[in-house]
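Have a look at the structure below, then the notes.
Read the figures in this text as sums done on the coordinates, not as results from a lab. Note that the structure is predicted; figures quoted are calculated from it, not measured. A quick note on method: Cβ atoms are made from the backbone with ideal geometry, for glycine too, and the neighbour counts reach across all protein chains shown.
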Amino acid sequence: MVNVYCLGNKYVSEDNLALRFVDQKINNLEFKEYNPDIQGDILIMDVCKNLDEMKLLDLNNFLARHPVTTHDFDIGTELKLLQAIGQVSKVSVIAIPMDYTYDQVLSNLKSKKWVEQDIQGS
């Protein structure tokens, strides 16, 4: 299983969609709450502005797309610091368009084989 760390703010409706997948297993993906003690290559999932479809982005491309809340700036800074000290190597982000519904995300996660292939190949 590939761990996917879900980000967001449970109190902000436009920023909590990824968190709704915590504790689920879909195909080869297991969704978990973000843990600052993670190490190595990591995969996170969060909503992102200025997207028409779900995409797999690196951390810099994700942060350049204007994260939704200040929490996103905090986590971005934290992940960049973890990379700088060598605790985290590569950060990939399953970016969800802001206007997607839970069912749209679920459908994409179940049917988009490119997500799993890209994750496995990274």
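Remark on residue 4: its backbone amide H falls under 5 Å from those of 30, 31, 32, a criterion applied only to residues 5 or more positions apart or on other chains, H modelled at 1.01 Å from N. A Cβ-based charge dipole, computed about the Cα centre of segment 2-113 with Lys and Arg at +1 and Asp and Glu at -1, lands at about 320 debye. When each of the peptides 35-46, 76-87 is scored by the mean number of other C-beta atoms lying within 10 Å of its residues, the order from highest to lowest reads 35-46, 76-87. Near the amide H of residue 16, within less than 5 Å, lie the amide hydrogens of 9, all on another chain or at least 5 residues away, with H placed in the peptide plane.
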